[in-house]
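For reference, the structure discussed in these notes is given below.
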Amino acid sequence: MAEAERLPHGREDGVRRHFLIVAYGIQSHINPCRVLARRLVQLHDEDGSGPVLATLSVPLFTQRRMFPSSGSGVKLEDEEEAADGTISYAPYSDGVDDGTRAMDADERAGRRRASSESLAARGRPVTCVVCSLILPCALDVAREHAIPMAVFWIQPATVLAAYYHYFHGYCELIASHAADPAFEVTLPGLCRPLRIRDFASFLVDTTGSVMGKVVNEAFRELFEFMDEQGPSTQVLVNTFEELEPAALAAMRLHLDVLAVGPMVGSSAEARIHLFDHAGADEKRYMEWLGAQPETSVVYISFGSVWTYSKQQMEEIAHGLRQCGRPYLLVVRKDGRQEDVSRCLDDIVRRGRGWWWSGATSQRSCRTRPWDASSRTAGGTRRWRPWPWACRSSPSRACSISRLTRS
């Protein structure tokens, strides 16, 4: 697998660059990884150094949800492989392929081994493995086959700094104050302290959650891998210089960091949706949203991983009524309990908002001349899409070119 593939009609010493982008099987990882893959392929026209191939690899269960039929515009080579004319899609198998999570250490080890073997058996040689955050199987493949590795950090540079310093000297301090959400931690290079409640929940977990421990250890292994590999492992961060200059500069003291964001794609690119939202009345909610005053709407989206109980939804409804502002609430319908659906209907009847059962509506919202807000447990923060002007940022294009030449 580490063997280089030759250009079919190029120089004798030319190497066709082939990136294997391995993504965690959730929507918030897949879409930015897909955008990255497409931009890597486009570089053969920008840097003049020959064609670039990119393959996006996700769990087989996820791939089947991505392409349930050929009506998606993606050519299905067989049940497992696909191509869209720009990039290829080649899933890997964890040996179970049912979308469930491993329940114990032995099962996790077995699935990791199966995933690594499946990735390594894809057949087409690659020159660089790119993984989105915590994918131990990708680390195994890169290490075993001596393939250059890049980590696609799909979150901002400030979040990268928080994780990095947690695993490099600040773990005990943060853990010792995990029960005090207001406690402030000053991390090197960041402009302001972070409160305990600003850290990812599994880093400050006080409940003994098994899942929290598993995720924590996976991140620890990722940073240990980057320490072990040194400068040969690049970190692609979904941000840009103008947004986080201080955090990027601080992290470059420790890692080979490249700012490649924002990875939002263009309005002409079809997005991947893992969840069926047929029947969702998008036209009605967009008309309602367009009728609201500018910068007035609270936007809430529950993402593609967790589901919520009736009690949790009632608490959210109480907060929405208390805020007194119009709101757009996005909740997937898959796995949703019937009492939660009734609660959602009651939210609309008694409140000033609208709920939608489709996938997250950020793409639709950001094409309109209004802003949206998102309310989180830590308070209210503005949600503004990445500025479109930054998509063609020279610094971003230069960073990705540098990756392909390494």
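Each value in this text was obtained by applying a stated rule to the coordinates, not by laboratory testing. None of the values given here were measured: they were computed from a predicted structure.
Would you pull out the residues with amide H under 5 Å of residue 302's amide H, same chain only if 5 or more places away, H placed 1.01 Å from N?
330, 332
Taking amide H atoms as placed 1.01 Å from N in the peptide plane, list the residues 5 or more away in sequence, or in a different chain, whose amide H sits under 5 Å from that of residue 152.
Residues meeting the criterion, in which the H sits 1.01 Å from N, are 131, 132, 133, 236.
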